[in-house]
Every structure is written in C-alpha cells, then in structure tokens.
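Since the structure comes first, as structure tokens, the remarks are kept for the end.
The values are calculated or read from the model by the stated rules, or taken from the named source; none is laboratory data. This one's a predicted model, so the numbers in the text were calculated from it and none came from an experiment. Glycine also receives a Cβ, built like all others from the backbone with ideal geometry; neighbour counts cover every protein chain displayed.
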Amino acid sequence: MPPRESKTLASLAAAVTVACLSLSAQTPQTGQTVFRGSTLVVPVDVRVLDKKGLPVTDLTAKDFRVFEDGRPQEIRQFSAVALTPGTPDPSVPLRQPGPPSLAPQNRRLFLIVLGRGRLQGPSKGIDAVQDFVRGRLLPQDLVAVMAWNRATDFTADHDKVASVIGRFRVRHEEIETDLRLLYSGLSGLYAGRQIPRPIQLKIDDVFAVPDTASREVLPSSATARAGADARDIAQRKSEIEARTAAYRQFNTTDLALADLMAGDMGQSFDDYVALNRQTLQDVGNVYAGIDYLRFIEGEKHLLLVTEQGFLMPSADYDRDVASLAADARVAIDTFQTGGVAVQMVGGMPVVPNGFALSALRSVSEASGGQASISEHGTTAIDRLVHSTGFGYVLGYSPANAELDGKFRKIKIEVVRKDLKVAYRHGYFARPVESFDPRRSIAMTRMVSAANYPSDINDLKLSIKVSDVRAGAVRSVTVDTFIPVERLVFARTADGSLAAISQAVLCMDTYGAGVGEVWRTLNVTVRPENYDDIRKNGLKLTVNVPVTITPTSVKVIIYDYGSDLLGTTRLRRF
C-alpha cells in the first residue's frame, strides 16, 4: 500500500508580513469587481451597526467617506456582502495563490484563541463559545481553536472543534492552577518558556479528540515586544517598591490607596509576574494567529477569550498588535469573561484591571472587531453573530502611492447619524507580496522553529551525524529519518512524490552557527521501496560544509503535503 494521500490546510504559525494590495480591474464569475495588476487599491472591510447592534444593510457607496492620513480618498470599488447558508466545499483551498482579491466570500473564518486564566465564570464564557461553534456558525464557515501551545486545523466540522472546547472547559482550571504555581513570584522570573512535560501531557489530552488534527503552535517572531523578561520584571519590582515608598511618605494615613496605586491598581508583585506570563503567551498566540490568517480570503476573525485582558507595558504595545491585525485584514473580537471588580479605596472607585481592559477595547476597535467587556457570554456572542452576518467591502486608490513602509491611518465615516462603524484603521504601505505556500509558509515556519529551543514532534525525526574531512574542507554528513505515517504523498507515474523542505543547522558550544544548509526537495518513492520506508522512515542525506567541527546539529523538516513540521537536535555526536 502506498503512503496516504489527502488535502491539507496551512499552519497556525506562519510569520509573514504584507501590507497593501497591488490590484487592477477585472470581472470574476461572481460578478463582483476585482482589482489586479499595477493599480494600487486598498481594501477595507466595513461593518455598520445600529443602536440595537443589528447590521445596517441598505447603504450605498455614496453613504461612505474614506480618509487616509486625513486626506479624502475616492472609492473605486464597493460591494455589499450578505452571508447565506451554503454547503462546505473541501475542494476550495484555504489559501489562494497570487494577490488577495476584493471579491466577497460567502464564508467566515473564526480562529478562537482561548487565553490563559479561568474563562468560564462569571460570564459563562466557555459555554457561550462552545454554543457558538455548535449552533451559530454557517455550515460553510471554517473554525479552529488555539489554547496554550496547541491548535487545531481549520475545519467545517464544527462538532469536532466544539468537542475540543468541551474538554478545555472540564480541564483548563486544573492546568491553569499548575501553570500559575509554576510562573508566580520569583520562580516565574527565571522559569523557561517550555511547559514541563507533566503539564504538557494534560494540555495534549485536551486536544486528543478522535480524527481531529492538532499541532504545536510556534511563537511568532513578532512577540519580541509582547512580554517582559526576567530583567524587565526585576526592574518593574524595583519601580513598584520605590513608588510604594513615595506614596507612603506623602500619604501615610491612607496606606491602602498608596499600595493600590504603587502596585498598579492593587496588583501584588506575584500577581504581576503571573499575569505577565499569561500576557506573553496570549499575545504570542494572537500574533501567530494574525500571521496565519493574513493570506486567507474572506471574512477573517480572531476571537480572543480572556479572563482579565492584557497586561501590556504601554499603549505602544497595544498599537503594535492592532496595527498588525489591521494590516492583515484580521478583525480581533475580544471577549473578557472575568468581570469587572470595582474597589472603593480612599473614597475613590478603582478598577484594578482597567488598563488591561482598555487594551482589549483599543485592539478590537483598531482592527475592526467587537469588544465585549464584563458581559454575559450569550450577549457577547449575539453581538459577534449580528456584526459578522452582513458587511461592505470598499476599495480605494490612495492619493499617496509611495510604498515607504509607513503605517497609513484609515478613517471611515458614514453620512447617517447614530451608527457604529467597525473597520480596520490602517495598513503598512509596502510592496505586495503574493502568497506562495513554498516560500511563505514553509520558510517562516522553519525560521520560527530554528529559534525555538525545544524539539517539535509533529513529525518525529531521528538523525545520524558523521564528521568528514576531505582535504582542506571540513564537513558533516547528516542522515535524517522521517516516519512516513504522517507524510502525504502525491501519486506520479514513477510512484509517490513528497515535497519537503529541510534545514540543517550546525552550531558550536556557544550556539553560534558554523555551517548550514536550507533546501527544498521533491522526493519520489518507487513502489518497490514502500515497505522499506514504512519500516525505516524516509531517509534524507545531506553534506554540510562547516568551519569547525560542530558540537550540536539541529534538523528541521517541513512536509508540504501534510503541513506538518518536525525538529530534532543532536548534541556531542
């Protein structure tokens, strides 16, 4: 029997950045206008709601005004998009080659990011999200769920994703307790980012729904600014202590208020460290989701379910997340489940998590999404359903056509009064980068994996390394063995074909590179070799020139057919 064959979806960790569209006019089968070619057209998805939160469906192009960096722009393309129930079509690829179009799509995509913390009460957040997946999506809508460092693939089989969410509901509080103990206080300052194996096994079990594919989520390269490291937190602790002393010096009769203000709204240092760890992982997952959704056509939503929001160091970090989401045409819908506790301190009403909640609102608004703060889950989901069922797509050619890489601010106004308008608030003016699965997905996943400290076992690799000296040139020969159970092959006249990218990185004792090879291979397996590769794995051999004998070798394999990646490292071979 030949290796299995199937269709696949793309990874949840691609880290590709692209900004505006390079488009020109043509008419597709849908009858909608699409712009392709040399004319620069910026697409804007717009949702307009009335006072009751219901979509306004009778607007025309004349009802809208578009501004870029304060300058009025001419609307060149306009369409109203009303989604209707349809039949899922598995033959339609999740991502289309070439530049994105402005043609409306009759489907929505929801990436549900279940954040750190306890998400069920008091808003019944997990119940609401599970009901949303089971009963409020259209049949053709695609949905995936991400939590901690695992994620499912996108699928129209909504019950499978709902089952993962149900398992999350039962088990997440125990896992969160374990993580909070691990990352609280001083231990949280120096604990690595790798989740210990006993906790990781519990996380993996949440995603162990039969016939449901999941994989490890690699950190996006954009998370560098998202969280604080040990040095940042230690500095923060010093600042809190200094501010506490200052407040007590000038307000010795109200030490509770002094502690509250000095500790950033009543937050102890242990709480600060734990919440910062939560923010680091939550924001990292949001970045990875934005990167992944960037090249997908249709209405794209990242639904972040969070207990208390983000503890961002400053508003600049909020703008970073919002700008990247807006640039990728990804609406971030935030659903805060932990409630808002108002404390009376010194006769003053204080919201301890006010800054974190403000970050949620600003990110949602700037990306064109909806923010639900301290609302019951049913209310939040109703707003999301109503706001995404109908919308408009506008396209305009910016008066400033220079591609200087700067962020251009977009403002949309509607002539009618008392309407709420949601839209992305800008984009980066960079040259268009068409989606190319081989280049964009594989390379960016592999770059992220190269910087990831632990092995990734979605493809479980084994390697052998031998040191070779041929004259004045030193090299190492690396044999990589890939189990074929999870690889996907295409049939050819000669047998079965696997498309694989491989990176071999050789490093010295200090982690500095001493030689590397990056390559993409089309590997054909002939029928007479099927039994051998099933038994021993698919063997890839490469010779890597090195400057000195390395002390460790890391191998990264990405399989295009299965959209899976594996890494392994051999030390002191």
Which condition number does P313 fail, the rest of (1) assigned to a helix (DSSP H, G or I); (2) surrounded by fewer than 18 Cβ atoms within 10 Å (Cβ to Cβ); (3) modelled with pLDDT under 90 being met?
(1)
Does T30 satisfy being more than 30 Å from A499 (Cβ to Cβ) and modelled with pLDDT under 55?
yes
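Please specify each residue of region 519-573 satisfying the condition of being in a loop (DSSP other than H, G, I, E, B), basic (K, R) and in contact with a strand residue (DSSP E or B) (Cβ under 7 Å, 6 or more places away or on another chain).
Correct list: R526 only.
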Only one of V525, V542, V514, V504 is among the β-branched types (V, I, T) and touching a Cys at 6+ places or on another chain (Cβ under 8 Å); which?
V514
Taking region 33-68 as the search range and keeping residues that are within 28 Å of the chain's Cα centre (by Cα) and not in a strand (DSSP E or B), which one is modelled with the lowest pLDDT?
R36
Qualifying residues in region 107-143 (those that are touching an Asp or Glu at 6+ places or on another chain (Cβ under 6 Å) and over 15 Å from T306 (Cα atoms)) - the one modelled with the highest pLDDT
R108
Sole residue being modelled with pLDDT of 90 or more and either in contact with a Ser or Thr (Cβ under 7 Å, 6 or more places away or on another chain) or not assigned by TED's automatic domain parsing to the domain that holds E365 (or both), chosen from P72, P88:
P72
Could you pull out every one of the strands (runs of 3 or more DSSP E) wholly within region 465-516 that has 3 or more residues that are out of contact with any helix residue (DSSP H, G or I) (no Cβ under 8 Å at 6 or more places or on another chain) and under 30 Å from T547 (Cβ atoms)?
473-482, 495-507
What about S501, is it in contact with a strand residue (DSSP E or B) (Cβ under 9 Å, 6 or more places away or on another chain), in the same structural domain as P453 (by TED's automatic domain parsing) and over 21 Å from G566 (Cα atoms)?
no
